[in-house]
Amino acid sequence: MDATFQSVDGVTPAYQLSQGVPPYSPNADVNGLPLIPTSVTKPSSNVTQVPRTAVLPYLQEWQFGIEQDLGHNWVAEIDYEGNHGVHQPIELPINQIAPTAGCCFGVKNAQSLRPYPQFLTITSLVNGGASAYAAMLAELRHSWSNGLSLRAAYTWAHGLDDVDAPARADAAPVQNVYNLHAQWGTSMINIPQRFVLSGVYSLPVGAGGRWLADTPVVSQVIGHWRVSAVAQFQKGYPYFISQGDTLGIFSGGQYVNRVGSPDISRGSRTVARWFNPAAFAATPQDTLGNSPRAALYGPGQNVWDIAVMRDIPIWERLTFTLRADAHNAFNHPQFSGLNTTITNAAFGSVTGAQDPRQLLIIGRLTF
């Protein structure tokens, strides 16, 4: 535990190391557990519990794959990879009342029913989390030849865990610290599907190309052009559905009840109704909700980044490159948030969007 000693006059040291640390009375027994005082009517301290013995987290990983040369500079590859995280760092609200029927929303003496009633919130820093991940990765690539380089990659994956990492701002709370097994499910950072297509193509005309390469003037006007593109498509991140806490057991929060499927067809989605709000119902007081942490997936990505560039030879080793970049070239809406508060009138609607199309023109002189 921590103990603070202060100088009596601001000049004289509180104590000297040669004389040892002055005696103090820690609010803990010989085993490091908090002592419960006789009066716990008005606790005012939120404390953090640090483990006395270090437990190292570790990750078990495995992977295997098959690669096939298809000829003409084309290669196909498919891989499976997985991992299992053990003793992951998490934060637990251990000063929670064990959930029982009829307890404890509105109970006046609920504080006295907590495991350590002399404290308010106790955040326990423990290496007690677990995670799992499995994915199939497929790739088709064409190495640079005949003015073309191409790569297509697809990932189909599923990540699971029981408690979100403390650093996540949108982490789902722990509903019942006494049953972390009920927390196990799809990770809040899981992206089940992702496809990326990238390539560079050098136009085969004019100087440096296969056709009209030796035609005076014309070859320089139409030559040295390249086009590159990166297209990204992926499913959105998971979202947690929240409600007001009517458990009264000082847990991280109360989950809603899931009573149906939140998914609606792509053609039926609107900004005001991105998912089916009727799939969730507010959980009654003193009752644990059954909805998983990752209750639904949010808007995905559909982004094309396209660039057109031309090298203009000026003199021997002097070259000027003109390039035009278009981020989100087709200006497809990239929604970035959902209203997931069940008691909000806008529940189920889109709350934000990322940047629209952006154009950038670059000039570079190489010598």
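The values are calculated or read from the model by the stated rules, or taken from the named source; none is laboratory data. This structure is a prediction, so every number in the text was calculated from the model and none was measured. Here the Cβ is made from the backbone with ideal geometry for all residues, glycine too, and neighbour counts use every protein chain on show. The accessibility values were calculated without ligands, DNA or RNA, using every heavy atom of the protein model including side chains. Shrake-Rupley method; radii C 1.70, N 1.55, O 1.52, S 1.80 Å.
A few comments on the model shown:
- For Thr186, Thr343, Thr48, the ranking by accessible surface with the largest value first comes to Thr343, Thr48, Thr186, using a 1.4 Å probe.
- Residue among Gln175, Gln19, Gln96 with the largest mean-square fluctuation in a Gaussian network model of the chain, springs linking Cα atoms under 10 Å: Gln19
- Inter-label distance, nm, simple model (7 Å from Cα along the C-beta direction), Thr246/Leu318: 7.8 nm
- The residues of the chain expose, per residue, 60 Å² of accessible area to a 1.4 Å probe.
- The stretch 74-86 - phi-based ³J(HN,Hα) in whole Hz, Karplus 6.51/-1.76/1.60, Gly and Pro as x: 9, 9, 10, 8, 9, 9, 10, 9, x, 7, 9, x, 10
- Mean separation of Cα contacts under 8 Å (6+ apart) over length of the chain, as relative contact order %: 12 percent
- Amide H contacts of Leu338 (H built 1.01 Å from N, under 5 Å, at least 5 apart or other chain): Thr351
- Spatial separation of Cα centroids for the stretch 246-284 and the stretch 321-346, in angstrom: 23 Å
- The helix-only estimate of mean residue ellipticity at 222 nm for the chain, built from DSSP H runs of length n ≥ 4 each weighted as -39500 (n - 2.57), is -500 deg cm²/dmol after division by the residue total.
- The amide H of Tyr237, built 1.01 Å from its N in the peptide plane, has Gly298 as neighbours under 5 Å, considering only residues 5 or more places off or on other chains.
- Amide H partners (placed H, <5 Å) of Phe280, local residues excluded: Val259
- Taking 7 Å steps out from each Cα toward its Cβ at Ser145 and Leu360 produces label points 3.3 nm apart.
- Note on Ala157 and Gln60: their simple-model spin labels are 2.0 nm apart, each label 7 Å out from Cα toward Cβ.
- Full extension of the chain between Thr287 and Ala110 gives 62.1 nm of extra length, using 0.36 nm per residue less the Cα-Cα distance.
- Full-stretch length increase - His332, Tyr178 - with 0.36 nm per residue and alpha-carbon distance subtracted: 50.9 nm
- From the coordinates shown, P(r) over Cα pairs in 10 Å bins from 0, in percent corresponds to which of [x] 4, 13, 21, 24, 16, 10, 6, 3, 2, 1, 0, 0, 0; [y] 4, 15, 19, 19, 15, 12, 9, 4, 2, 0; [z] 5, 24, 32, 24, 12, 4, 0: [y]
- For the pair Val11 and Gln234 in one chain, pulling the backbone fully straight at 0.36 nm per residue adds 74.0 nm over the alpha carbon distance.
- Integer Hz, Karplus 6.51/-1.76/1.60 couplings in order for the stretch 318-330, x for Gly and Pro: 9, 9, 10, 10, 10, 9, 10, 10, 10, 8, 6, 4, 8
- Taking only protein heavy atoms and a 1.4 Å probe, the accessible area of the chain is 58% carbon and sulfur.
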